[in-house]
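The values are calculated or read from the model by the stated rules, or taken from the named source; none is laboratory data. If you're wondering where the values come from, they're calculated on a predicted model, not measured in any experiment. All Cβ positions, even for glycine, are placed from backbone atoms using ideal geometry, and neighbour counts span all protein chains on display. Note: accessible area is taken over every heavy atom of the protein model, side chains too, but ligands, DNA and RNA are not part of it. Shrake-Rupley method; radii C 1.70, N 1.55, O 1.52, S 1.80 Å.
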Amino acid sequence: MAIREILTVPDPRLKEVSKPVEGGVTDEIRALMDDMLETMYDAPGIGLAAIQIGVPLRVIVMDLAKEGEEPQPKFFVNPEIVETVEETQPYEEGCLSVPDIFDQVERPEKCLIRYLDYDGFKVEEWAEDLYAVCIQHEMDHLEGTLFIDHLSRLKRQRAVDKVKKAKLRAMRENVA
Ligand code: ZN
């Protein structure tokens, strides 16, 4: 396992549409998911899409365990949203690719998802609460959409500028 670099805005790769994994869940895909999980835990975050480490494949890892709970890693290969309910809920979202920015996004409060798990088994289940928020956020990444794309243009531009400035500052501190 290895910790990979997480891409941040405005890296154009984050706008790419990820491709489906062909040929099922192989050892290569599992190795990718292991790296993604380690990278996510290190960040730390609760969800990560492969494109966030520059791999344009439809793969997501997640762990929604609360502090003090045993880890509950979840792995999603070729996930699909089969159905969503009409009711929406707002949630204050953040993203490892848009560090230190948080804002409310309104999404369907439940969704039926279908995916292949770590062992390649097909799973179909309803996601609700934080699980529903997180899987929809991560699946947006597969389409090249970030949570800030759900905000107003002004808020989005401000978020990107803030991340850029923070990156420059960090670079200067490293040089000094
Ligand atoms: Zn994200």
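Residue 132 passes every criterion in (1) surrounded by 13 or more Cβ atoms within 10 Å (Cβ to Cβ); (2) closer than 15 Å to residue 103 by Cβ; (3) not aromatic (Phe, Trp, Tyr) apart from (2). Of the residues examined, residue 157 is not one that is open to solvent by 90 Å² or more (accessible area, probe 1.4 Å), of a type in the set (S, T, N, Q) and part of a strand (DSSP E or B).
Applying a threshold of 7 Å to beta carbon distances and a minimum spacing of six or more residues, or different chains, the list of pairs starting in region 135-154 at a residue that is in contact (Cβ under 8 Å) with a residue 40 or more places away in the chain and ending at one that is within 12 Å of the ligand (Cβ to nearest atom) and of a type in the set (S, T, N, Q) reads 141/52; 146/97. Within region 100-129, if we keep just the residues that are away from the ligand (no atom under 16 Å from the Cβ) and open to solvent by 90 Å² or more (accessible area, probe 1.4 Å), the residue that is nearest to residue 27 (Cα to Cα) turns out to be 119. The set of residues in region 116-129 that are in contact (Cβ under 8 Å) with a residue 40 or more places away in the chain and either in a strand (DSSP E or B) or touching a strand residue (DSSP E or B) at 6+ places or on another chain (Cβ under 8 Å) (or both) comprises 116, 117, 118, 120, 124. Within region 50-85, being open to solvent by 60 Å² or more (accessible area, probe 1.4 Å) and more than 22 Å from residue 20 (Cβ to Cβ) holds for 66, 67, 68, 69, 70, 71, 72. Remark: residue 135 falls outside the filter, which requires a residue to be closer than 17 Å to residue 8 by Cα and within 12 Å of the ligand (Cβ to nearest atom).
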